[in-house]
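The next block holds one structure in the form of structure tokens; read it before the comments.
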Amino acid sequence: MAKQISIGIVGVGKIARDQHLPAIAANEGFDLVAGASRNAQVDGLRNYKTVQEMLAAEPELEAVSLCATPQVRFEQARDALVAGKHVMLEKPPGASVVEVTLLAELAKEHGRSLFASWHSRYAPGVETARTWLTARVIKSVQVLWKEDVRKWHPNQDWIWQPGGLGIFDPGINALSIMTRILPRAFFLKSAELWVPSNRQTPIAANLNFTDDHDTPVRAEFDWRHGPEELWQIEVTTGDGVLRLSQGGKQLHIDGAAVDVGPEREYPGLYERFYELITSGQSDVDLRPLEHVADALLLGHRHAVDPFVE
Ligand code: NAP
């Protein structure tokens with residue numbers, strides 16, 4: 001059997017329970033032994049209130065998976081790396097771009113693996129889309145990433161605080177796919193941001209990107225959408241239109257559905273983390289976060305109605 005890596009989970013909230021706990025349980029390479037959360041416990045684990053308590057009490061622990069909110073990611077990751085643990089970061093990998101570059105340096109210094117994970121890149125249609133687009137001439141890209149904030153983020157005040165990203169919390173998933181599948185690097189030219197007058201972060205954003213061939217790459221992110229999510233990337237090429245929909249679960253090329261297999265984003269993430277640890281590597285791609293930072297740098301802000309939960 002493959003080597004088992006002992007792992008602890010930190011920040012036991014929505015995504016930890018929905019995805020991380022089942023994905024770790026299904027992966028024979030990991031042995032989940034401990035949890036750290038101020039207000040939650042996981043049955044069958046040794047539970048602590050903070051990552052620092054967990055690190056002090058678990059010297060044998062080899063890895064941690066950080067699933068708390070992005071505003072506390074840096075301190076948790078730094079303490080874990082300094083304690084000699086391999087670290088997996090939920091997306092976004094940090095509240096600022098530069099703090100994550102520091103974490104990557106710390107990981108190198110301590111000889112540990114750092115995985116800045118982007119779960120949407122593990123949606124089943126993404127790699128097939130990337131391969132198909134590699135040799136294509138891209139004419140334009142249109143991204144629609146729209147959902148109902150009340151359905152997906154009920155009572156999550158952190159998304160409206162600085163570092164919480166607002167609409168870019170889901171929008172960064174689209175950016176993580178775009179930066180993976182598009183063969184040329186693209187950059188932001190202009191953006192419109194709609195910010196509720198009682199909040200710090202945008203509820204909607206329109207982004208106007210291009211590349212060194214002047215290709216139009218446009219994205220509309222919106223949290224004021226109806227009950228049916230619209231998570232779609234359409235790439236018009238010289239050989240027809242490629243459409244990824246349902247967040248990357250479905251792929252159509254020139255109108256024909258492509259069989260991309262079942263959805264397994266989080267199992268895929270833990271397979272990658274295992275591979276990184278056992279091969280002594282890190283995977284830290286900051287491009288999705290850099291595009292969000294650029295949108296917040298360049299965006300033209302419009303105040304809109306207050307958001308009341
Ligand atoms: P959440 O349930 O609101 O928060 C996760 C946990 O973070 C909380 O239960 C809390 O645990 C901990 N936490 C919050 N503030 C903290 C603080 N100041 N110090 C230490 N711990 C703190 O959020 P979530 O939806 O799971 O999202 C967490 C991360 O996963 C985000 O970066 C998000 O973008 C990403 N994500 C979410 C989803 C989703 O569908 N929700 C999907 C993919 C990725 P304690 O209070 O017990 O400490």
Kindly report the accessible area of the chain per residue (heavy atoms of protein chains, probe 1.4 Å, no ligands, DNA or RNA), in Å². 45 Å²
Peptides ranked, highest mean first, by Cβ atoms within 10 Å: ranges 71-77, 2-8: 71-77, 2-8
Which residues' amide hydrogens lie under 5 Å from the amide hydrogen of Tyr48, considering only partners 5 or more residues apart or on another chain, with H built in the peptide plane? Gly35, Ala36, Ser37
Too long for a 28 Å Cα-Cα cut-off, among Lys108/Lys249; Lys91/Lys146; Lys49/Lys85, are Lys108/Lys249
Enumerate the amide H contacts of Ser96 below 5 Å, restricted to partners 5 or more residues apart or on another chain; note that Pro and chain-start residues carry no placed amide H. none
Would you mind checking which residues have amide H under 5 Å from Asp283's amide H? H placed 1.01 Å from N; only 5 or more apart, or other chain. Leu114, Phe115, Ala116
Hey, any idea what % of the chain's accessible area is carbon plus sulfur with a 1.4 Å probe? 49 percent
Ordering of 57-66, 260-269 by burial proxy (mean other Cβ atoms within 10 Å per residue, highest first): 57-66, 260-269
Within the chain, percent of DSSP bridges classed antiparallel, to nearest 5: 50 percent
GNM flexibility winner over the chain from Glu53, Glu127, Glu229 (Cα, springs under 10 Å): Glu53
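The values are calculated or read from the model by the stated rules, or taken from the named source; none is laboratory data. Small disclaimer: the values here were computed from a predicted structure and weren't measured. All Cβ positions, glycine included, derive from the backbone under ideal geometry; neighbour counts span all protein chains shown. For the accessible areas, the whole protein counts, side chains as well, though only heavy atoms, and no ligand, DNA or RNA atoms are used. Shrake-Rupley method; radii C 1.70, N 1.55, O 1.52, S 1.80 Å.
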